[in-house]
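In what follows, a structure is listed as structure tokens, so that the remarks can point back to it.
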Amino acid sequence: MRFITLDKNKIVISIRYGTEGVCNEIISEHGELGQQMLEDGTFIDIEEDTNSNNEITMEDKINYIYYKLQGGIL
């Protein structure tokens, strides 16, 4: 099965293949990294805002380490 994780803005931040979902993952055959999920479940490409603060948060670092250890980082 294919699992995705969304951030607070409903943007896909990880994709993982496995048999069980972990920690807020959604089963989905759609959605690529950086796409935003709409209310109807479809995904769209979003324009990158060059003026936004792209600082990596502690939550991002923890999620990266967790998924890296689980073998879920593609």
**Fill in**
Here the relative contact order (percent) of the chain, from C-alpha pairs under 8 Å and at least 6 apart, is 27 percent
**Prompt:** At a 1.4 Å probe, what is the % contribution of carbon and sulfur to the accessible area of the chain?
**Reply:** 52 percent
**Mean accessible surface per residue for the chain, computed with a 1.4 Å probe while every protein chain stays in place, in Å²** = 79 Å²
**Request:** Can you bin the chain into rounded, prolate or oblate? Criterion: square roots of the alpha carbon gyration tensor eigenvalues sorted a ≥ b ≥ c, rounded for a/c under 1.5, prolate for a/b above b/c, oblate for the rest.
**Result:** oblate
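Please report the net charge: other residues with Cβ closer than 13 Å to the Cβ of Gly18, K and R +1, D and E -1.
Values: positive: Arg2, Arg16; negative: Glu20, Glu25.
That works out to 0.
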**Item:** ³J(HN,Hα), Karplus 6.51/-1.76/1.60, whole Hz, each residue of region 40-46, x for Gly, Pro
**Value:** 7, x, 8, 10, 10, 6, 10
**Asked** Out of Ile11, Ile46, Ile56, any idea which swings most in a Gaussian network model of the chain, alpha carbons joined below 10 Å?
**Response** Ile56
**Request:** Taking H placed 1.01 Å from N in the peptide plane, check which residues at least 5 places from Phe3 or on another chain put their amide H under 5 Å from its amide H.
**Result:** Arg16, Tyr17, Gly18, Ser28
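The values are calculated or read from the model by the stated rules, or taken from the named source; none is laboratory data. Since the model is a prediction, treat every value here as computed from it, not as a measurement. With ideal geometry, Cβ positions are generated from the backbone for all residues, glycine too; neighbour counts draw on all protein chains shown. We work out accessible area using only protein heavy atoms, side chains counted, and drop any ligands, DNA or RNA first. Shrake-Rupley method; radii C 1.70, N 1.55, O 1.52, S 1.80 Å.
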